[in-house]
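The block underneath contains the structure these notes are about, expressed in structure tokens.
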Amino acid sequence: MNSGSAPPEAMAAVQDVCGDGVGLRLVSDRRGTAVWKAAGPVRSVAVKVGLGCEGAAITARESAVLDAMERGARLAYGHGPEAAWLITPWYDGPSTWSAMSDLRAGAPADDAIRRLVVDVCEAVAGLHASGWVHGDLQPHHTLHTRDQGVVFIDCSWAWHPSNFPASSLFRGGLPHLLAPELAAEVEAGVRPLVTTKAAEVYALAASLWWAITGEWPLDYDAAGVATAGMSAGRLRDVISSGRVPLHPPKAWPSVQEVLATALHPEPDHRPTAAELATAVAKAG
């Protein structure tokens, strides 16, 4: 199997869902997981295939998460000796990263962009209110759709305190978006790594800061830290110290100052996602 194909049984399921004459386009292929957009006369779907032991296990976990969330997001699933595959709806709409591209290019912020930020915060607040934690928030993992609002994708590391435990396979995701306490737990070898709601609010604010500015929220240069070529482990050690200051909020000061409250190194000092949404909506 290669990046240009999906398992025959997955393609048979795609045809059942999408109709005859399906067109397949590779969207991504990295670290043992490939994703295609499959478009047919009935509908379009995303096809995710995890290869090898770890890739298959991660895809299988995401399938189970989506089933447990009862969001109707798992259309079909299967596994074989070489791979696990998952079919979900194709959500039309930009990611938060894509939606902020004009702002990163120097366009002024406006009410429409503010609404996007609020929408993401409110979506995370709703997820937390239901008991779920996404676990790997990034600006590429939230999509802004016309009919369904903000949709979360890449939910492999989601967990729920009563019916879906955290995974021992999770290693924290992008280090630059990690809350200091979570970065410390990764390096201490804590397994399973449990992303708390407070840690997820940090990742939410860090993701939005990154999407708005194109730079990580922590000002490593100001702390005399050269991150070029630094190992992920060493970077997590730096982040876990909680001593690296934030970049000055120059791109969108009123909103970045609100996001800064959620980037506090101490979890107890961070707002909830709902409080963050309210504060961004009110920011001048």
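Highest-first packing order for the peptide set 181-188, 27-34, 52-59, 120-127 is 120-127, 181-188, 52-59, 27-34, based on the mean count of other beta carbon atoms within 10 Å. Annotation: peptides 135-148, 215-228, 67-80, ranked by per-residue average of other Cβ atoms within 10 Å with the highest first, follow the order 135-148, 67-80, 215-228.
From the C-alpha coordinates alone, can you work out the Kirkwood hydrodynamic radius of region 87-172, in Å? After inverting the mean inverse Cα-Cα distance, the result is 14.2 Å. Remark: relative contact order (region 168-284) = 31 percent; criterion is Cα-Cα distance under 8 angstrom and separation of 6 or more residues.
Kirkwood-type hydrodynamic radius, region 206-252: 11.3 Å, calculated from all non-identical alpha-carbon pairs. Compactness check for region 1-147: Cα Rg over 2.2 N^0.38 Å is 1.15. Taking Cβ atoms as reference points and 14 Å as the exclusive limit, the residues near Leu276 contribute a net charge of -1, counting Lys and Arg as +1 and Asp and Glu as -1. Eigen-decomposition of the gyration tensor built on the alpha-carbon atoms of region 108-149 gives equivalent ellipsoid semi-axes of 20, 11, 10 angstrom, largest listed first. Averaged over its residues, the chain has an accessible area of 46 Å² per residue, based on protein heavy atoms and a 1.4 Å probe. In the elastic network of the chain, a GNM with C-alpha springs shorter than 10 Å, the most mobile of Gly233, Gly40, Gly21 is Gly21.
Once the Cβ-Cβ distance between Asp111 and Glu275 is put in as r, and R0 is 22 Å, what FRET efficiency do you end up with, to the nearest 0.05? In this case the efficiency is close to 0.60.
Over region 217-284, the alpha carbon radius of gyration divided by the compact-protein estimate 2.2 N^0.38 Å works out to 1.26.
Simple spin-label estimate for Ala260 and Met230 gives 2.1 nm between the two label positions (7 Å along the Cα-to-Cβ direction from each Cα). Other residues whose C-beta falls under 15 angstrom from the C-beta of Ser254 contribute a net charge of +1, scoring Lys and Arg +1 and Asp and Glu -1. Taking amide H positions as modeled 1.01 Å from N, with prolines and chain starts lacking one, the residues under 5 Å from Thr145 and 5 or more places away or on another chain are Val150, Val151. In the chain, the portion of solvent-accessible area held by carbon and sulfur atoms comes to 51 percent [1.4 Å probe, whole percent, DNA, RNA and ligands not counted]. If you take all C-alpha pairs in region 133-259, what percent of them are over 20 Å apart? Of all Cα-Cα pairs in region 133-259, 47 percent lie more than 20 Å apart.
All other residues whose Cβ lies under 11 angstrom from that of Val201 are scored, Lys and Arg at +1 and Asp and Glu at -1, for a net of 0.
The values are calculated or read from the model by the stated rules, or taken from the named source; none is laboratory data. Source: prediction; values computed, not measured. Virtual Cβ from ideal backbone geometry, glycine too; neighbours counted across all protein chains shown. Keep in mind that these areas ignore ligands, DNA and RNA; they rest on the heavy atoms of the full protein, side chains included. Shrake-Rupley method; radii C 1.70, N 1.55, O 1.52, S 1.80 Å.
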